[in-house]
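Presented below is the structure to which this report refers.
The values are calculated or read from the model by the stated rules, or taken from the named source; none is laboratory data. No experiment lies behind these values; they were computed from the predicted model shown. Heads up, the Cβs are rebuilt from the backbone with ideal geometry, glycines too, and the neighbour counts pull from every protein chain shown. With ligands, DNA and RNA removed, areas are computed over all heavy atoms of the protein, side chains included. Shrake-Rupley method; radii C 1.70, N 1.55, O 1.52, S 1.80 Å.
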Amino acid sequence: MTQGRDKDTPKLPIWKRALRRGLTMTGTASVIAVAAGAVWLGSTTLATRAAAVDAPPPAPTSTVAALRISPSQDMTVTRQFHGQVEAAQNVSLSFEQSGRLNVLTVDEGDRVTAGQVVARLDTRILDAEMVRLEASRASLEAQAELSRRTTKRQTELRARGHVSDQAVDNVALNLAALNAQIAEVDAAITRITVELSQTEMTAPFDGTIGARHVDAGAVMSVGAPVIDIRETAKPLFRVGIDPKLANRVDTADARITIDGTAYPARFVGFRPDLDAQTRTRTALFEIDADTPAFLTSGTLELRARIEQSGYAVPLRALRDGVRGLWTVLVLSPGDDGLATVDAAAVEVMQIEGDTAYVRGTLNGTALILPDGTHRVVPGDRVRLSGDN
């Protein structure tokens, strides 16, 4: 049916089709020409209006404060290690004798001095034994005195021929036996004296009482703990140190911070072995503190100087760089009183507080921009303030 319809529709003559195409092209060209004219007219108007407005004044030259830095051949390195406070001496006191605890004069937390009596045992049995021995010695002394006088008289009688030598020997040997018994009693008295001294417990050093294990009235056995005492004169700080820093510890400036308070510390020494778990060397430092809390955690800060050439710059003077580096803005003064801003790439070696130790493309003494690095970019011209 379509083929039949096409056959029935008559085609236009060639000249009419050419005329139609010509009119279409002419209309299109007219529209394009009108649009182009409108665009030209608009741009001309905008340019005329812009020319009539005054241009903004140029931006004023920035004034910056410069910092002069010089190279150094060493830098300060700070390391921190965590440890705990310990007493220089810590002992658990006990009696060498058994008996009833009669007196206990101290309690937990009390301060004691060296030689102070802190506890006593019941000494009635030892006192009675001492009385018996002293009476026995007195009896033996009396017998010995009688034997000495008898020996003297028998000797005089033998010289006159009234007694035999056997009688003189008997009284002389009896005196020797009595002297031996007196020596034996003296030894027993000395033993009782030592045992009586062991019934008194004294503080071996100035310190503070820790744990109190018993109360007065308890029956004590030999070696049973009574109290713990810790020396407070020179507390120690025990800390694990990196073995690589061991050779610098004795010359480093050491400070120990405990509960927010910093104390000066003096290096005492190292243990000869490494810690099996942490693989560190145990170092002991003496703290200048009066009343430390033992077993309190603290932080040891070691400040040492090592040989390393570089520059010390404020931390705020660093700007992000590329490939893990940082940049510092360097100021190069000119003859016109202005300075040109350049960027120097640096590597951060150590950060100490708000100071960074860097090395890089800096040479000799230099002027850098320590603050306001966000206000300028490399290539800017700035004015320096103050004396630099």
A careful count of residues in the stretch 263-280 that are within 11 Å of Val249 (Cα to Cα) and among the charged types (D, E, K, R) gives 1
Restricting attention to the stretch 302-319, the residues that are modelled with pLDDT of 85 or more and not aromatic (Phe, Trp, Tyr) number exactly 10
The correct count of residues that are in contact with a Leu (Cβ under 8 Å, 6 or more places away or on another chain) and not polar (S, T, N, Q) in the stretch 79-109 is 12
Considering the stretch 86-127, residues that are of a type in the set (Val, Ile, Thr) and outside any strand (DSSP E or B), and then whichever is most open to solvent (accessible area, probe 1.4 Å), we arrive at Ile125
Phe294 meets each of (1) outside any loop (DSSP other than H, G, I, E, B); (2) open to solvent by less than 60 Å² (accessible area, probe 1.4 Å) with one exception, condition (1)
For the stretch 339-388, the count of residues that are more than 35 Å from the chain's Cα centre (by Cα), open to solvent by 30 Å² or more (accessible area, probe 1.4 Å) and either touching a residue at least 24 places away in the same chain (Cβ under 8 Å) or closer than 14 Å to Gln308 by Cβ (or both) equals 16
By residue number, the members of the stretch 106-155 that are closer than 30 Å to Leu175 by Cβ and of a type in the set (Ser, Thr, Tyr) are Ser136, Ser139, Ser147, Thr150, Thr151, Thr155
Per the filter on the stretch 325-338, residues within 26 Å of Arg305 (Cβ to Cβ) and open to solvent by 30 Å² or more (accessible area, probe 1.4 Å) are Leu325, Trp326
Of the residues in the stretch 361-378, those that are modelled with pLDDT of 85 or more and on the phi > 0 side of the Ramachandran plot come to Gly364
The correct count of residues that are free of Cβ contacts under 8 Å to residues at least 40 places away in the same chain, in contact with a helix residue (DSSP H, G or I) (Cβ under 8 Å, 6 or more places away or on another chain) and open to solvent by 70 Å² or more (accessible area, probe 1.4 Å) in the stretch 128-153 is 2
Considering the stretch 269-306, residues that are within 16 Å of the chain's Cα centre (by Cα) and charged (D, E, K, R), and then whichever is farthest from Leu245 (Cα to Cα), we arrive at Asp288
Q) Can you find even one residue in the stretch 311-330 that is over 30 Å from Pro60 (Cβ atoms), in contact with a helix residue (DSSP H, G or I) (Cβ under 6 Å, 6 or more places away or on another chain) and hydrophobic (A, V, I, L, M, F, W, C)? A) no
